[in-house]
Amino acid sequence: MTRVWIQPVLLVLCGSLIAAGQLSSGAPAAAAAILVVFVLLAGVNSPLVFPKSISAPEARRRSAADGRPVVYWRPGCGYCLRLRIRLGRGARRAHWVDIWRDPAGAAAVRAANDGNETVPTVVVAGRPHTNPDPAWVREQLSRPA
């Protein structure tokens with residue numbers, strides 16, 4: 001669970017160190033701007049940006065019932081973030097599985113990607129799609145079950 005927060009915490013710490021250096025050299029405005037940028041980067045790379053993750057078996061069960069895609073992701077993944085942002089509010093309709101929190105989810109991603117944990121992997125109707133176009137995923141989310 002703490003592993004997902006490593007990157008955001010490191011971003012805040014690095015930003016704080018750089019801002020402290022700017023502050024000590026007499027540039028408070030630059031220090032504030034740098035700190036704001038690093039805090040925003042930390043927020044965007046945190047699990048807080050993504051819908052609540054569920055377990056892989058639960059996601060598969062829900063997907064079978066409602067026909068919605070299952071999105072396997074991990075914090076700090078730029079491609080996952082791109083997908084999440086491009087889906088907008090529609091992202092909440094998908095079933096999200098954090099592979100760092102769920103070993104079964106990580107295993108499902110490895111099985112779909114020749115042993116690699118390549119994310120985002122989106123499963124629609126039982127077929128995995130690795131790093132699909134966000135417009136395509138949005139289209140899958142808008143389809144009736």
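For the reader, a short list of remarks on this structure follows.
Yes/no matrix, rows are residues, columns are (1) in the same structural domain as Arg101 (by TED's automatic domain parsing); (2) at pLDDT below 90; (3) over 21 Å from the mean Cα position of the chain (by Cα):
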residue: Leu41; (1), (2), (3): no, yes, no
residue: Gly67; (1), (2), (3): yes, no, yes
residue: Trp73; (1), (2), (3): yes, no, no
residue: Arg82; (1), (2), (3): yes, no, no
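- If you check Gly105, Gly90 for being at pLDDT 95 or above, closer than 30 Å to Leu11 by Cα and either assigned by TED's automatic domain parsing to the domain that holds Gly15 or out of contact with any His (no Cβ under 9 Å at 6 or more places or on another chain) (or both), only one passes: Gly105.
The values are calculated or read from the model by the stated rules, or taken from the named source; none is laboratory data. None of these values were measured; they are calculated from a predicted model. Reconstructed Cβ throughout: ideal geometry from the backbone, glycine too, with neighbour counts over all protein chains shown.
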